[in-house]
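Engineer: Mind looking over this structure? Questions follow.
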Amino acid sequence: METALPGRHSDSHGVLRLVAGLVLVAAVIVGWLLLRHDGSAPAPKPVGPVLVAQARLTQFAASAGHPVFWAGPEHGMSYELTRTPSGRVYVRYLSAHTVAGDARADFLTVGTYPSDHAYADLERAAKADDVLAARLDSGALMVVANKAPTNVYLAYRNLPYQIEVFDPSGETARELALAGEIEPIR
């Protein structure tokens, strides 16, 4: 029969408990780091830029879990879809023979951006002297900075998304917003 030396057996159990405790602490920290953003679903999977048909755009919007805005169907245009790792979604209207990812800023683009304070942020921006601000019939608040007239920003109360409408012609971007043409894809 083997005899254990005093203290030796209890030391190995102590080391095992310490290692198990450290593993548990590491698992808790890793779990917290993965879920700490707000406990909601994991970050969205990036998409594109990729050319899609209107039917695919509609499918994407239905599966996104939130509204995705656009300027409606446009005859003769291709739709470029992009979703960034941060959850921003862009729908660009590309002319014929333009490839997805074209770097030129020559195309109507509607962006939908996650933002917990979208409406409040635009309300603050609307108070600046160098902006055009309007409340639209749709209930949206529209803000356009005079120094960047090609970019129109929209937000709705209680909707945690900001919408940006870009067009090389600021007049076109404003007209689309004012006419209520910027709406969720259905």
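Since every read-out is calculated from the coordinates, none of them should be taken as a lab result. Keep in mind it's a predicted model, so treat the numbers as computed, not measured. In this analysis, Cβ positions are derived from the backbone assuming ideal geometry, glycine residues included, and neighbour counts consider all displayed protein chains.
Engineer: If you wrap a convex hull around the alpha carbons of region 65-121, what volume per residue comes out, as a whole number of Å³?
Structural biologist: Spelled out: Cα convex hull of region 65-121, divided by residues, is 109 Å³.
Engineer: Report the FRET efficiency, 1/(1 + (r/R0)^6), for residue 54 and residue 129, where r is their Cβ-Cβ distance and R0 is 30 Å, rounded to 0.05.
Structural biologist: Values: r = 41 Å, r/R0 = 1.36.
That pair, residue 54 with residue 129, gives E of 0.15.
Engineer: Counting other beta carbons within 10 Å of each residue's own, what order do 182, 163 fall into, fewest first?
Structural biologist: Going from sparsest to densest Cβ surroundings: 182, 163.
Engineer: Which semi-axes, in whole Å and largest first, does the equivalent ellipsoid of region 109-186 have when worked out from the alpha carbon gyration tensor as the square roots of 5 times its eigenvalues?
Structural biologist: Semi-axis lengths for region 109-186 are 17, 16, 11 Å.
Engineer: Compute the Kirkwood hydrodynamic radius of region 47-184, taking the inverse of the mean of 1/r over all pairs of distinct Cα atoms, and give it in Å to one decimal. List each step's numbers first, then the result.
Structural biologist: On the way: mean 1/r = 0.0659 Å⁻¹.
Averaging 1/r across every pair of different Cα atoms and inverting gives 15.2 Å.
Engineer: Give, in nm to one decimal, the length gained when the segment between residue 146 and residue 104 is fully stretched (0.36 nm per residue of separation minus the Cα-Cα distance). It would help to have the intermediate numbers written out before the result.
Structural biologist: Working: separation 42, 0.36 × 42 = 15.12 nm, distance 2.22 nm.
Full extension from residue 146 to residue 104 adds 12.9 nm.
Engineer: May I ask you to order 105-112, 155-162 by the average number of other C-beta atoms within 10 Å around their residues, highest value first?
Structural biologist: Final packing ranking: 105-112, 155-162.
Engineer: Still on this structure, I have one more. How many angstrom separate the Cα center of region 153-186 from the Cα center of region 113-150?
Structural biologist: That distance is 10 Å.
Engineer: All other residues with a Cβ under 12 Å from the Cβ of residue 144 taken together, and with Lys, Arg as +1 and Asp, Glu as -1, what is their net charge? Don't skip to the end; give the middle numbers.
Structural biologist: Details: positive: 147, 174; negative: 130, 164, 167, 171, 175.
With Lys, Arg at +1 and Asp, Glu at -1, the neighbours total -3.
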